[in-house]
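The values are calculated or read from the model by the stated rules, or taken from the named source; none is laboratory data. Quick caveat, the model's predicted, so the values are computed rather than measured. Every residue, glycine as well, gets a Cβ built from its backbone with ideal geometry; the counts of neighbours run over all protein chains shown.
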Amino acid sequence: MDKSSDKIFLAAPENIGGENQFYRLEELKEHGIDVLELENQFSKLEYEASNIFKDWLRQFSTSTTLLIPDVNREIVSFYIVTQLLRTPEFREQVTQFAMLSVDGYDARADSKNLHVAYLWNDDFVNKMKERISECIWIFGCNKSSVPFCASDNPIVVKSQDNKQWLQGPRIYDEGMYVVYPLSPSIIMYCKDPVKWSFTKMFENSLTPVEFTDDMVRHENSGQIGRSYRFIFSSENNFEFAREFLKNNPDFKNYDRERY
């Protein structure tokens with residue numbers, strides 16, 4: 001669903017959330033580097049993460065606990081960080097922030113370079129990866145009549161009090177937790193290890209919480225509100241999305257003000 005136009009369309013899984021040439025960097029040519037080098041790096045990471053997620057879903061079909069080798073935890077932590085940073089939503093956020101922060105600078109014209117500066121900042125990315133890896137990873141199983149949906153900004157961050165979907169990749173906020181729907185029925189949470197230490201007993205496991213329809217819709221509201229433009233569902237039913245956007249019309253506009 002395109003939330004800006006309210007149009008619904010079919011999309012193959014491999015095409016979900018994609019945008020042609022989004023990471024194409026022409027300036028790499030003069031250094032003899034493929035202009036799609038960044039995209040190629042993402043593709044490799046996506047392939048590795050996809051295989052891990054398939055294995056997790058297979059494990060959850062017969063067990064409530066996952067076996068996650070350290071190498072897989074590192075890959076998934078890196079994947080989560082890149083998914084937080086690589087989206088059109090994050091590019092829009094850093095562009096608008098630069099527009100507010102630097103007088104006389106055409107941030108809109110330089111938005112791709114601004115974005116890539118974050119993506120290729122090893123220190124910045126690695127610190128975020130360490131933060132995610134240190135979190136408590138917990139999973140939920142949805143057996144309600146409503147599937148988890150996803151979006152073109154699929155990993156969202158929530159405040160400790162559960163009241164606010166946080167703007168931007170604010171993974172260092174005290175008590176925050178990351179929310180990522182892995183499938184229509186399985187969702188992943190990465191929780192601040194200090195404030196959520198009491199949940200350590202559920203590390204790498206399904207919680208005993210039984211999701212109601214309303215609880216799933218609440219999780220879906222984060223995908224709808226924090227998406228850049230597109231919302232994805234395994235079912236051809238976007239009535240909740242439409243109702244949410246009717247009550248929160250600012251979220252329909254992908255060029256809305258973020259700050």
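The single condition from (1) within 24 Å of W56 (Cα to Cα); (2) assigned to a helix (DSSP H, G or I) that V178 fails is (2).
Yes/no matrix, rows are residues, columns are (1) at pLDDT below 95; (2) touching a Leu at 6+ places or on another chain (Cβ under 7 Å):
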residue: A12; (1), (2): yes, no
residue: E19; (1), (2): yes, no
residue: Y23; (1), (2): yes, yes
residue: E46; (1), (2): no, no
residue: S50; (1), (2): no, no
residue: T62; (1), (2): no, no
residue: I80; (1), (2): no, no
residue: L84; (1), (2): no, no
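In the set (1) out of contact with any Ser or Thr (no Cβ under 8 Å at 6 or more places or on another chain); (2) modelled with pLDDT of 95 or more, the condition left unmet by S5 is number (2). Just wondering, is there one or more residues in region 97-108 that are part of a helix (DSSP H, G or I), within 21 Å of S227 (Cα to Cα) and of a type in the set (F, W, Y)? Yes, region 97-108 contains at least one residue that is part of a helix (DSSP H, G or I), within 21 Å of S227 (Cα to Cα) and of a type in the set (F, W, Y).
Does region 213-226 include one or more residues that are part of a loop (DSSP other than H, G, I, E, B) and either in contact (Cβ under 8 Å) with a residue 40 or more places away in the chain or over 17 Å from Q93 (Cα atoms) (or both)? No: zero hits. One residue alone among E92, E74 is closer than 22 Å to L25 by Cβ, among the acidic types (D, E) and either at pLDDT 95 or above or assigned to a helix (DSSP H, G or I) (or both), and that residue is E92. Taking the conditions (1) within 19 Å of the chain's Cα centre (by Cα); (2) over 20 Å from V178 (Cα atoms) in turn, Y228 satisfies each one other than (2).
If I ask for residues that are part of a helix (DSSP H, G or I) and in contact (Cβ under 8 Å) with a residue 24 or more places away in the chain, which ones from region 245-259 would you list?
Correct list: L245, F251, K252.
Take D161 and decide whether it is closer than 24 Å to P208 by Cβ and of a type outside the set (S, T, N, Q). Yes: the conditions hold for D161. Of the residues making up region 181-194, just one is among the hydroxyl-bearing types (S, T, Y) and not in a loop (DSSP other than H, G, I, E, B), namely Y189. Condition test on A150, is it surrounded by 16 or more Cβ atoms within 10 Å (Cβ to Cβ) and either among the small types (G, A, S) or in contact (Cβ under 8 Å) with a residue 12 or more places away in the chain (or both)? For A150, the condition - surrounded by 16 or more Cβ atoms within 10 Å (Cβ to Cβ) and either among the small types (G, A, S) or in contact (Cβ under 8 Å) with a residue 12 or more places away in the chain (or both) - is met.
Could you look through region 184-243, keep only residues that are farther than 13 Å from M1 by Cβ and of a type in the set (S, T, Y), and pick out the one that is surrounded by the fewest Cβ atoms within 10 Å (Cβ to Cβ)? Ranking the qualifying residues of region 184-243, first place goes to S197. All told, K163 meets the bar of being of a type in the set (K, R), modelled with pLDDT under 95, out of contact with any strand residue (DSSP E or B) (no Cβ under 6 Å at 6 or more places or on another chain) and surrounded by fewer than 17 Cβ atoms within 10 Å (Cβ to Cβ). C135 meets all of the listed conditions (1) at pLDDT below 95; (2) within 30 Å of N40 (Cα to Cα) but one, namely (1). Applying the set (1) within 24 Å of S233 (Cβ to Cβ); (2) free of Cβ contacts under 8 Å to residues at least 12 places away in the same chain; (3) assigned to a helix (DSSP H, G or I) to D123 leaves exactly one unmet item: (1).
Please determine, by comparing only the residues of region 35-55 that are within 18 Å of the chain's Cα centre (by Cα) and of a type in the set (D, E, K, R), which one is surrounded by the most Cβ atoms within 10 Å (Cβ to Cβ). The extreme case among them is E39.
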